[in-house]
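The values are calculated or read from the model by the stated rules, or taken from the named source; none is laboratory data. Bear in mind that the values here come from a model prediction, so they are computed numbers and not experimental data. A quick note on method: Cβ atoms are made from the backbone with ideal geometry, for glycine too, and the neighbour counts reach across all protein chains shown.
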Amino acid sequence: MKTILETKELCKYYGSDENLVKAVDHVNLKIMQGEFVSIVGKSGSGKSTLLHLLGGLDNPTSGEVWVDGKNIADFSKEQLAVTRRRQIGFVFQAFNLVSSLNVWENVVLPVGLDGKKVDEGFVKDILRTLGLEKKEKNLPNTLSGGQQQRTAIARAIAAKPSIVLADEPTGNLDTGTGDEVIALLKLSAKKYGQTLVVITHNEDIAQMADRTIVIEDGKIVM
Amino acid sequence: MTTIKNLAISRLRFNKSRTILTAIAIMLTTTLLMGVGTSAEGILNINRQQALFNGNTHAMFKSLTQEQVKKLQNHKDVESIEINELFATVEYGKMNGFLVFHDVVKEGIYHGVGNLIEGHEAQKMDEICGPKSFFERIGVEPVIGNKIHISFRPGGKGRIETREFTICGILSENDVPGFDVSDTRIAYGASVSEALANAYIPDKERSYNTNIRVVGENRLNCDEIEKVINETAADVGCDKVNIILNREYLIMQTEMGTETKAVVAGISLIIILFSGLVIYSIYYVSVITDVQEIGKLKALGASDRQIKRLFLTEGFRISFFAVPFGLVFGYLIPYFALPVIFKEAMKVNTVADEVDRLHMFSAPVLALVVAAVFVTVYLSLIRPMKMAAKVSPVEAIRYQESSRRRKMRKGNKNVNVFRLSAANLVQNRRRTLVTMLTMGFSCVLFMSLAGTMNSMSTLDMARRNIKEGDFRLTLDYACNDKEYPENNLDQLSMRNLFSDAFVESILQIDGVQGVEREGGVLIGSDFSNELFEDGGRISLSWFEREDVKEYEDGMKAGKIDYDSMVSGNGVILTTVFYEMYGMLPGTVIPVTVYDGDRQFTMDVRIDAVSPVGGDHLLLLPREVYERLNLQYDSTVDLYISIDQNKYEEVKDALTEIADAEAYFRLYSMDEEMAMGRMSVSLIKYPMYLVLALVAVIGFMNLVNTMITSVITRKRELGVLQAVGLSESQLTKMLVGEGAIFTAGTLAASVTIGNLFGYLVFLKAKSTGFMSISRYHYPVVETIGLTVALILGQIAITYFIRHRIRKESLIDTIRCSE
């Protein structure tokens, strides 16, 4: 199996001198294609920062991130944007849907930004799987938290990315809905052969993963 | 109270961009009001100086008889009287000279020029008193005691007499105008003694132009004084058309009339309304974007009143900071600009004189402006404050714009960048609309004024003397010279001065491209009115089918139907006094045409009255004029068009031709334009300054909306980037949003703006403002506005994009978490 995500001596520091915070500190990590990895750690341990660095949302202080065999530091901003919309799907804790677009439009947004024609059958299939088929025309503010998170997941997988990065996707949800969302993510990953990296506080979710990475003070401890 | 104050201050610091924008808008409003107030004060001041300098006459009654002057002398309302009688015209080459008899009947009137600076007034028959330039023009050194021979025609119509005079006094005069104007455009006058006037003009033929002052200048306002003057004129039997009010002086010296007050109040109200709308829109957008924040405060226990006070404190805090800057700029701009403008004007003005230091500062204006700005800020805050106070804590925390109104969106199967922009604007449609309206309003104001200003055309003014081409060589003819009939047009036409050979010789001048002729012929009539009295004659010319529009534009009565005029000998009458002359549309007038030594009769029918100017009182359709088969060439004007590169050479050649023939007069485009420019520049440039400020304030509004729109959507924009929106797509999206604002604004300005512009033009035309006669579409202004809007909007977009770029993506996404 090939390595899809890799970090080499990855560091992200904030502040300087006494105020220096090492959010991510010399992290070396390899994630294989199709793998389900959970990242756990205390609040402030650097999990989210690591995920953002993996997805190219943040710039490292030093070190490298390799996506599908390419160092993203070599990418132009434009190439990075293209990589994000084609290869990476994000699920944020706070959903982050675009309020002026309806559910369908939110979901097909990355495809549209890529200038590609929407595979309607595929999107409908995702929406059906996620139980959103009747909410296509709803604006985000009319949805419940669970529905919004499911829309965000649909958006993350609609462009058939090879990697899905999810930052506490169940953090804002009740236990039942949370389990449901994780099950869906896993299902999708399996169905489309995607790599899944999930940050979570939830022990049960962590145990569902193929591998769990524990982070403490910016370092991988396990 | 301190908590609210502290909160307000920290909010101002936190929302830095918004604070700066609001401050700039308030500052510009203050600048605008202060600038207008200060300019008004300055213009009033210069006019007052000018009016005082020009003299303190209230009015002039023209053409009074000795009887009427006597009546005036005994009139209870008349304080001072001074009479002037045109005694004779001076016959000295082409000199535009005249002799007057001047007398003070009741003391109290003074003048800016024409005052005795040396010697004494003319008392004896052979004495003359005048300005130095008069004597110099005749070639005599202006020294008291010098002898001078002058040929003159008493009353401008008698036989030419030549007498020897002794210079007895020197009168003050204006400096020779600073721009090159041909000598024939300058009038030279001198005064002679009563004895001389009595010797030449019989008592019953005396006609005096009488300057008067009425009693009560200190207690009556302008309108009331005007009433007294009119009543006095009626009492002595002076016709209304013969009253010339010294309006500049009356307006400056008396209490402002109600009409003037209304105009000033109207302009101020428009400015206040406009600035209020802009400030309102800025706060309106702030409240909408601040709802969550307000909700949090309310959830923490802030009362409605405290929320209102929070906004009010913010508004006033910014005002305290911004108003002083505005006051300083508003004072300084006219302080430096006005003198420059006046100086320019004085260079070309033939009457203006050295003006003392301008006094522009006025404490009442300052106080009024400060009050007006604070009231404006308060008024524009009322609704946003109410909206803020109404926000409920729960709703606020959940708040997303338009959440109550819209649940569903039809949407599109595919999403692209343009649809993304459109979705945002539609979602925030109220904000979009308010911005478009205020932007639109400022542009409408801009376009309305631009239309009128553009119609204040120098060219139009110049074209009144030179209808086409670059030069006009005209025949200086008389209609009714009984003593010297050779001066009359009928006799002159027999001399064939504008012969084909002559016109050919003009065409031969290097640089001349074409010559157009215009004809005119004298007519007399038995029709009973002042014009034809005692064998009086007027001139008749032609107009063409393509001129109809122009005459229709200025039409006062009747109708122009070219074909029916051709078949029925219809004429256009070009005087406003058509009622006085009894020449109403429909009247048929039997006329005698004086074609050299030949005469014939015909009937003409008055079809329309259109006083658009020109030398001829009646105009026939060209076909009819040609059918008259005149025996002699009736050309009175040659319009000469030339190659602009040879202007000076042609002008020299034409001047030489004009100088060689006593009856020729030359008008040249450069001189006419110079005179037009002076009158236009006085009004046009200050108005452009006001317009520029209006445009800037309106633009601030667009900046505000776009920046707020981006700041509040920062996270959303971050998310869009996270899911793959590239930088170029982001730019495209922002440009798209701006383009929609720009398009909306432009649509409003070119439709409503031009419509209003045309209405303002019509109003200006009907009131005779700056002699505007023709509407000129403001092409340059429209293009300028379009370019400025597009460039400005692109600049804002790049500025915003630059700001977003500075932060890392994740910071943008996190910003409101």
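For segment B:476-513, which positions are within 41 Å of the chain's Cα centre (by Cα) and on the phi > 0 side of the Ramachandran plot?
Answer for segment B:476-513, where residues must be within 41 Å of the chain's Cα centre (by Cα) and on the phi > 0 side of the Ramachandran plot: just B:Gly511.
Report yes if some residue within segment B:109-117 is farther than 27 Å from B:Asn487 by Cβ, in contact with a Phe, Trp or Tyr (Cβ under 8 Å, 6 or more places away or on another chain) and modelled with pLDDT under 85; otherwise report no.
yes
Give segment B:413-423 a look and list any residue that's within 13 Å of B:Val735 (Cα to Cα) and either touching a Ser or Thr at 6+ places or on another chain (Cβ under 7 Å) or of a type in the set (Gly, Ala, Ser) (or both), or say none. Let's see the steps before the verdict.
Taking segment B:413-423 as the starting set, the residues that turn out to be within 13 Å of B:Val735 (Cα to Cα) are B:417-422.
Matches in segment B:413-423: B:Ser421, B:Ala422.
Tell me the residue from B:Asp659, B:Asp607 that is surrounded by fewer than 21 Cβ atoms within 10 Å (Cβ to Cβ) and acidic (Asp, Glu), please. Full working, then the answer.
Values: B:Asp607 fails: surrounded by fewer than 21 Cβ atoms within 10 Å (Cβ to Cβ).
Only one candidate qualifies: B:Asp659.
Considering each residue of segment A:1-56, count those that are assigned to a strand (DSSP E or B), closer than 14 Å to A:Asp167 by Cα and β-branched (Val, Ile, Thr), and give that number.
Qualifying residue count for the region: 3.
Conditions (1) in contact with a Pro (Cβ under 8 Å, 6 or more places away or on another chain); (2) surrounded by fewer than 14 Cβ atoms within 10 Å (Cβ to Cβ); (3) closer than 20 Å to B:Lys62 by Cα; (4) in contact (Cβ under 8 Å) with a residue 24 or more places away in the chain, marked per residue:
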position	(1), (2), (3), (4)
B:Gly119	no, no, no, yes
B:Asp126	no, no, no, yes
B:Cys129	no, no, no, yes
B:Lys132	yes, no, no, yes
B:Glu136	yes, yes, no, no
B:Phe152	no, no, no, yes
B:Thr162	no, yes, no, no
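Among the residues of segment B:144-193, how many are modelled with pLDDT of 90 or more and out of contact with any strand residue (DSSP E or B) (no Cβ under 8 Å at 6 or more places or on another chain)?
Counting residues in segment B:144-193 that are modelled with pLDDT of 90 or more and out of contact with any strand residue (DSSP E or B) (no Cβ under 8 Å at 6 or more places or on another chain) gives 0.
State all residues of segment B:403-416 that are at pLDDT below 55 and at the interface with chain A (Cβ under 9 Å from one of its Cβ atoms); if no residue qualifies, say none.
Once the filter is applied, which keeps residues that are at pLDDT below 55 and at the interface with chain A (Cβ under 9 Å from one of its Cβ atoms), segment B:403-416 yields only B:Ser403.
Mind counting the residues in segment A:96-148 that are acidic (Asp, Glu) and touching a residue at least 12 places away in the same chain (Cβ under 8 Å)?
2
Being facing chain B (nearest Cβ under 8 Å), touching a Leu at 6+ places or on another chain (Cβ under 6 Å) and under 15 Å from B:Ala722 (Cβ atoms) is the filter here; which residues of segment A:80-107 pass it?
Within segment A:80-107, A:Arg85, A:Phe90 meet the criteria.
Kindly evaluate A:Gly44 against the criterion of being more than 8 Å from chain B (Cβ to nearest Cβ) and closer than 16 Å to A:Glu6 by Cβ. Reasoning before the result, please.
Values: more than 8 Å from chain B (Cβ to nearest Cβ): yes; closer than 16 Å to A:Glu6 by Cβ: no.
Judged against the criteria, A:Gly44 is not a match.
Residues in segment A:108-145 that are in a loop (DSSP other than H, G, I, E, B), under 23 Å from A:Arg84 (Cα atoms) and at the interface with chain B (Cβ under 8 Å from one of its Cβ atoms): how many?
Qualifying residue count, segment A:108-145: 4.
State yes or no: is B:Phe498 out of contact with any helix residue (DSSP H, G or I) (no Cβ under 8 Å at 6 or more places or on another chain), more than 14 Å from chain A (Cβ to nearest Cβ), aromatic (Phe, Trp, Tyr) and closer than 30 Å to B:Gly535 by Cβ?
Details: out of contact with any helix residue (DSSP H, G or I) (no Cβ under 8 Å at 6 or more places or on another chain): yes; more than 14 Å from chain A (Cβ to nearest Cβ): yes; aromatic (Phe, Trp, Tyr): yes; closer than 30 Å to B:Gly535 by Cβ: yes.
Answer is yes for this residue.
Assuming A:Ala166 fulfils every condition listed in (1) in contact with a Ser or Thr (Cβ under 6 Å, 6 or more places away or on another chain); (2) more than 10 Å from chain B (Cβ to nearest Cβ) apart from one, which condition is it?
So the condition that A:Ala166 fails would be (1).
For segment B:709-753, which residues satisfy the criterion of being among the hydroxyl-bearing types (Ser, Thr, Tyr), without any contact (Cβ under 8 Å) to a residue 12 or more places away in the chain and within 14 Å of another protein chain (Cβ to nearest Cβ)?
Those that are among the hydroxyl-bearing types (Ser, Thr, Tyr), without any contact (Cβ under 8 Å) to a residue 12 or more places away in the chain and within 14 Å of another protein chain (Cβ to nearest Cβ): B:Ser726, B:Ser728.
Go through segment A:57-79 and count every residue that is under 17 Å from the mean Cα position of the chain (by Cα) and either part of a strand (DSSP E or B) or within 8 Å of another protein chain (Cβ to nearest Cβ) (or both).
6
Return only the number of the condition from (1) within 38 Å of the chain's Cα centre (by Cα); (2) part of a strand (DSSP E or B) that B:Glu546 does not satisfy.
With respect to (1) within 38 Å of the chain's Cα centre (by Cα); (2) part of a strand (DSSP E or B), B:Glu546 is out only on (2).
Rundown of residues vs (1) hydrophobic (A, V, I, L, M, F, W, C); (2) more than 30 Å from B:Ile160 (Cβ to Cβ); (3) buried (at least 18 other Cβ atoms within 10 Å of the Cβ), yes/no style:
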residue	(1), (2), (3)
B:Thr452	no, yes, yes
B:Asp470	no, yes, yes
B:Thr474	no, no, yes
B:Pro485	no, no, no
B:Asn496	no, no, no
B:Asp500	no, yes, no
B:Glu504	no, yes, no
B:Asp510	no, yes, no
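Of all residues in segment B:423-444, which are surrounded by fewer than 17 Cβ atoms within 10 Å (Cβ to Cβ) and farther than 20 Å from B:Leu277 by Cβ?
If the condition is that a residue be surrounded by fewer than 17 Cβ atoms within 10 Å (Cβ to Cβ) and farther than 20 Å from B:Leu277 by Cβ, then B:Val426 is the only one that fits.
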